[in-house]
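Notes to accompany the following structure.
The values are calculated or read from the model by the stated rules, or taken from the named source; none is laboratory data. Worth saying up front: this structure is predicted, and the values here are computed from it rather than measured. Here the Cβ positions follow ideal geometry from the backbone for every residue, glycine too, while neighbour counts run over all protein chains shown.
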Amino acid sequence: MKNESIDKWVSLLSEVEILRSSIAQDEPAFTINSEDDDIIACEARLGIKFSEDYKAFCKTFGQGRFGAGWIFVYAPNKNTMDNQIADQGDVFYAFEGYLHYGGNAKFVSTLNESYFFGALQGVIFIFGKDTLKEEGLHSRIYAIDEEGEIYDFGKDLFDFVKNCCLDKGIERRFPGLLVHMVPIDRTIDQLVAPTFTPLK
């Protein structure tokens, strides 16, 4: 099963174009792909089990921005784990307030036991706590926006990356997620990781 999971990500990677390489490849913060020890260290620190799909994704694609929506997906890195955990705490604190504002306070406990793996402006993507304690192929994917709205993307990370991140699936299926988007000005902030887009 592990080889099959890796193979499908490798196949998908061959279908995309990497538009920009990292401008800081020599710095640990911008290591592109996760290694096994990065993943193991992060799991041990957080007391969770990543799905085989996410681990395969991190080893194959690594950290980067995807498609026209500029969805940023993180990959574990043992050298920057402290910063990532601190950032997750700050983000979750802010989004707790958004959930209360949006009338979804019951979801706060799910948020606080989840793993923050991606973002676009005004939106975070998390793996839900219901599938982080047991190792398996899939983890449930949720998005939360600044209005406190919750979006359920199901459990198929491959489908999420292929049909939402690389295609325009988010526009079609979850148009509410894009209400906070603003034009990207291509500043240096957008240049610290590769951008993956479908080949024309």
Of all the residues that make up region 120-136, how many are at pLDDT 90 or above and either surrounded by fewer than 20 Cβ atoms within 10 Å (Cβ to Cβ) or of a type outside the set (A, V, I, L, M) (or both)?
-> 2
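Of the residues in region 137-188, how many are charged (D, E, K, R) and modelled with pLDDT of 85 or more?
Residues in region 137-188 being charged (D, E, K, R) and modelled with pLDDT of 85 or more: 10 in total.
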